[in-house]
Amino acid sequence: MTRSADDTKFLRLALELAARGAGQTAPNPMVGAVLVRAGRVVGSGWHTRAGSPHAEVLALDEAGRLARGATMYVNLEPCCHFGRTPPCVDAIIGAGVAEVVACMTDPDRRVDGRGFRALRGAGVRVRVGALRQEARRLNERFLRWAGSGMPFVTLKAGMSLDGRIATRAGESKWITSARARAEARRLRGRHDAVMVGVGTVLADDPRLTAPPARGAREPIRVVVDGRLRTPPAARLLRSGATGRETFILTLPGAPRRRRARLEAAGALVVEVPGRDGRIELRAALRELGRRGVSSVLLEGGSELLGSALDAGVGDALALFVAGRLVGGRDALSAFGGSGAARLREAAGVRELRLRRLGSDLLVEGRLEFPGRRSLRRRPGRAAVRPARSGAA
């Protein structure tokens, strides 16, 4: 599309509005919309949470009669299907909007260009493509899930400067500072689910909760537990009063009595495929994606994080690094598993960023695995329709 200074200005405003829904809209994307007439904003809105009115409808409501003949700027293609709300394209056409300028197509298989075709068919001019990269980055978690059925995965660890998460005696509380731990809890609140291995549950008995925040949702708690060793009295089960589920992912044929006790404690026990007595991490994540989980914070411990690297799983990295050296060959490394045999097989980290958190550092970046495709949808592969209530 031909980009003007006004297009850029108003699309950036739409992106800024969309970002206000961060952590609240999943499994829907973050969307902002701005209606402009004669160079003046006459209506705006953003999607606040799944099931609430969409950004386009809110902007139309604010503009009222001024929407007729106006241009709508939106970061993502308007929806054209019935979910928990009616199609936005119908509202746009009905309001008499003359033109829609969007950053990108919605990869959801229920949309995927159909919204733009419906608008053009009704005589609405459509231009697409400006600030596309910014729009993709904003909704990268939704795009991973909508395009592949797999959640966007962030690998997170709290570690010493030499990469240890526990001493040789097993002591792990606390390697990082209170400030770093508070930031890690805030990171949980920006994901749909938090995943740990059963070893972490047995060693640390974590709650896996996020700090209370207005409008924020508690993440789903997920434990990878092939033999159902999670204690029914574990704190992550006792914290179920937050209204978010706790999933225990286990192997087929898990002991019935243990399953019954965990279900009685409030857990949702889900069987997923395994190999050599271990749960296949990709299969576990695919099952979560099928249930509408679009982003996962994989917190470890060592074996689960190592399994993620071995399986080529992970999109982002968040390492909280304390200014201390643990040492010792028997101290627990942050990343276990088999590891790469050759350097060319090792995961790469791009867009590295460092942030000081008092005496600690937060190391962030984007993960790249040799041979893995990008976030773009694989040709010919349809996205998984969300199974969890709340979509659209």
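To keep it simple, each residue is scored yes or no on (1) at pLDDT below 90; (2) closer than 14 Å to PRO151 by Cβ; (3) in a loop (DSSP other than H, G, I, E, B); (4) among the aromatic types (Phe, Trp, Tyr).
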site	(1), (2), (3), (4)
LEU285	no, yes, no, no
GLY292	yes, yes, yes, no
LEU304	no, no, no, no
LEU309	no, no, no, no
LEU319	no, no, no, no
GLY327	yes, no, yes, no
GLY337	yes, no, yes, no
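When both residues are 6+ apart or on different chains and their Cβ atoms are under 9 Å apart, which pairs have a first residue that lies in the range 345-356 and is under 14 Å from VAL321 (Cβ atoms) and in a strand (DSSP E or B), and a second that is open to solvent by 80 Å² or more (accessible area, probe 1.4 Å) and not small (Gly, Ala, Ser)?
Pairs that qualify, where the first residue is under 14 Å from VAL321 (Cβ atoms) and in a strand (DSSP E or B) and the partner is open to solvent by 80 Å² or more (accessible area, probe 1.4 Å) and not small (Gly, Ala, Ser), are VAL349/GLU368.
Kindly indicate the residue of the range 103-126 that is open to solvent by less than 50 Å² (accessible area, probe 1.4 Å) and among the acidic types (Asp, Glu) and also nearest to ALA91 (Cα to Cα) among those meeting that condition.
That would be ASP106.
Which is over 30 Å from ASP108 (Cα atoms) and assigned to a helix (DSSP H, G or I), of ARG144, ARG168, ARG181?
Checking each option against the conditions leaves just ARG181.
May I ask you to list pairs of residues, at least six apart or on different chains, whose Cβ atoms are under 8 Å apart, with the first in the range 3-27 being under 14 Å from TRP46 (Cα atoms) and of a type in the set (Ser, Thr, Tyr) and the second being open to solvent by 10 Å² or more (accessible area, probe 1.4 Å) and in a loop (DSSP other than H, G, I, E, B)?
What qualifies is THR25/VAL31; THR25/THR48; THR25/ARG49; THR25/ALA50.
Looking at the structure I just gave you, is SER359 crowded, with 22+ Cβ neighbours inside 10 Å and not aliphatic (A, V, I, L, M)?
No, not satisfied.
Please state which one of GLU183, GLU134 is touching a strand residue (DSSP E or B) at 6+ places or on another chain (Cβ under 8 Å), charged (D, E, K, R) and closer than 29 Å to GLY292 by Cα.
The unique qualifying residue is GLU183.
Report yes if ARG257 is without any contact (Cβ under 8 Å) to a residue 40 or more places away in the chain and not in a strand (DSSP E or B), otherwise no.
Yes; evaluated as a whole, the condition is true for this residue.
For the range 173-195, state whether one or more residues are surrounded by fewer than 23 Cβ atoms within 10 Å (Cβ to Cβ) and on the phi > 0 side of the Ramachandran plot.
Looking through the range 173-195, none of the residues is surrounded by fewer than 23 Cβ atoms within 10 Å (Cβ to Cβ) and on the phi > 0 side of the Ramachandran plot.
State all residues of the range 147-165 that are outside any loop (DSSP other than H, G, I, E, B) and in contact with a Gly (Cβ under 7 Å, 6 or more places away or on another chain); if no residue qualifies, say none.
VAL153, LEU155, ALA157, ILE165
For the range 31-66: of the residues being without any contact (Cβ under 8 Å) to a residue 24 or more places away in the chain and basic (Lys, Arg), which is farthest from CYS80 (Cα to Cα)?
Applying the filter and picking the extreme gives ARG40.
Has the range 129-149 got any residue that is open to solvent by 20 Å² or more (accessible area, probe 1.4 Å), over 25 Å from LYS9 (Cα atoms), among the aliphatic types (A, V, I, L, M) and touching a helix residue (DSSP H, G or I) at 6+ places or on another chain (Cβ under 7 Å)?
For the range 129-149, residues open to solvent by 20 Å² or more (accessible area, probe 1.4 Å), over 25 Å from LYS9 (Cα atoms), among the aliphatic types (A, V, I, L, M) and touching a helix residue (DSSP H, G or I) at 6+ places or on another chain (Cβ under 7 Å): absent.
Consider ARG49 carefully, then state whether it is closer than 25 Å to LEU143 by Cβ and out of contact with any Ser or Thr (no Cβ under 9 Å at 6 or more places or on another chain).
no
The values are calculated or read from the model by the stated rules, or taken from the named source; none is laboratory data. If you're wondering where the values come from, they're calculated on a predicted model, not measured in any experiment. Heads up, the Cβs are rebuilt from the backbone with ideal geometry, glycines too, and the neighbour counts pull from every protein chain shown. Each accessible area value is taken on the protein alone, full model and side chains, heavy atoms only, with ligands, DNA and RNA left out. Shrake-Rupley method; radii C 1.70, N 1.55, O 1.52, S 1.80 Å.
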